[in-house]
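Participant: A single structure is presented below for examination.
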């Protein structure tokens with residue numbers, strides 16, 4: 001059984017879903033502190049394609065006085081501004097002429113019309129829409145519900161054990177902190193995912209990689225699941 005573990009993300013990119021597609025179980029790492037690394041910080045933001053290149057969509061969160069103790073499943077959305085309407089307007093403006101916009105717009109519009117108090121609930125709603133659109137039926141578990149005691153790299157091994165993993169599929173940054181010996185001792189194969197990003201036709205001239213998967217759905221429709229899959233992205237080292 002292949003297990004992958006990722007923090008929840010807002011409107012995730014293609015590589016996020018390729019890792020899920022290459023796995024049997026996806027564990028949402030929702031009980032740890034929010035990632036503040038600029039290279040991997042996507043819990044509350046992601047990119048959409050625009051005529052100028054790309055633009056961030058960022059969900060405002062309540063963080064005052066909570067730095068260093070913001071666990072993902074406890075983060076509150078800051079609704080003092082109407083960010084939901086702003087995000088939907090930006091998506092509609094930039095994708096309304098995309099060939100498959102009408103096929104997926106109602107689901108996402110409904111998500112932006114709903115009220116959200118916590119980031120985790122918003123991310124879960126988006127994940128459900130994306131997985132259904134991409135015909136993914138992998139089992140999804142929440143780390144917060146698995147009664148874990150370990151931290152850092154030991155936490156990953158513990159989660160894999162609890163999920164019955166025979167293989168753990170890590171992101172590329174796992175090479176920097178995971179201990180291969182710990183997985184070997186646990187009888188779990190360790191693989192890494194270096195996403196080989198595909199190119200496809202976008203709404204505007206040129207191609208911008210690393211957009212939200214919304215970009216792929218609106219432009220490729222039913223071909224999206226096939227387009228994002230990159231089996232060659234997996235390696236043992």
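Participant: As I understand it, the value is the acute angle between the Cα axis of helix 101-113 and the longest principal axis of the Cα atoms of the chain; what does it come to in degrees, rounded to 10?
Facilitator: 70 degrees
Participant: Another question about this same structure. When the helices in the chain are scored as -39500 (n - 2.57) per DSSP H run of 4 or longer and the sum is shared across all residues, what 222 nm value do you end up with, to the nearest 500 deg cm²/dmol?
Facilitator: Numbers: 8 runs with 80 residues, N = 237.
Roughly -10000 deg cm²/dmol at 222 nm, from the helical runs in the chain.
Participant: Can you figure out the FRET efficiency of residue 135 with residue 82, using R₀ = 35 Å and their beta-carbon distance, to the nearest 0.05? Could you put the intermediate results ahead of the total?
Facilitator: Numbers: r = 33 Å, r/R0 = 0.95.
That gives a FRET efficiency of 0.60.
Participant: Going by how many other Cβ atoms sit within 10 Å of their own, how do 95, 200, 195, 210 line up, fewest first? Working shown, then result.
Facilitator: Details: 95 24, 200 16, 195 21, 210 13.
Placing the least packed residue first, the sequence is 210, 200, 195, 95.
Participant: Could I have the simple spin-label model distance between residue 166 and residue 97, label points 7 Å from Cα toward Cβ, reported in nm to one decimal?
Facilitator: About 5.1 nm, to one decimal.
Participant: Take every DSSP beta bridge whose two residues both sit in the chain, then give the antiparallel share in percent to the nearest 5. Present the calculation step by step, with values, prior to reporting the outcome.
Facilitator: Working: 12 of 27 bridges.
Roughly 45 percent of the beta bridges in the chain run antiparallel, per DSSP.
Participant: Oh, and also: Extent of segment 1-62 along each principal axis, from alpha carbon coordinates, in Å, largest to smallest?
Facilitator: Result, largest extent first: 43, 29, 16 Å.
Participant: Moving to a separate point now. As I understand it, the value is the acute angle between the Cα axis of helix 119-133 and the longest principal axis of the Cα atoms of the chain; what does it come to in degrees, rounded to 10?
Facilitator: 80 degrees
Participant: Still on this structure: Quick check: the angle from helix 152-163's long axis to the longest principal axis of the chain, C-alpha only, nearest 10 degrees?
Facilitator: Orientation of helix 152-163: about 90 degrees from the principal axis.
Participant: From the Cα trace of segment 85-237, what convex hull volume per residue do you get, rounded to a whole Å³?
Facilitator: Per residue, the Cα convex hull of segment 85-237 comes to 145 Å³.
Participant: What percent of all Cα-Cα pairs in segment 1-129 falls into each 5 Å bin, going from 0 up to the bin containing the maximum distance?
Facilitator: Per 5 Å bin, starting at 0, the Cα pair percentages come out as 2, 9, 18, 23, 20, 15, 9, 3, 1.
Computed from the coordinates by the stated procedures, all read-outs in this text should not be read as laboratory data. Just so you know, these numbers come straight off a predicted model, no measurement behind them. Positions of Cβ are generated from backbone atoms using ideal geometry, with glycine treated the same way; all protein chains shown enter the neighbour counts.
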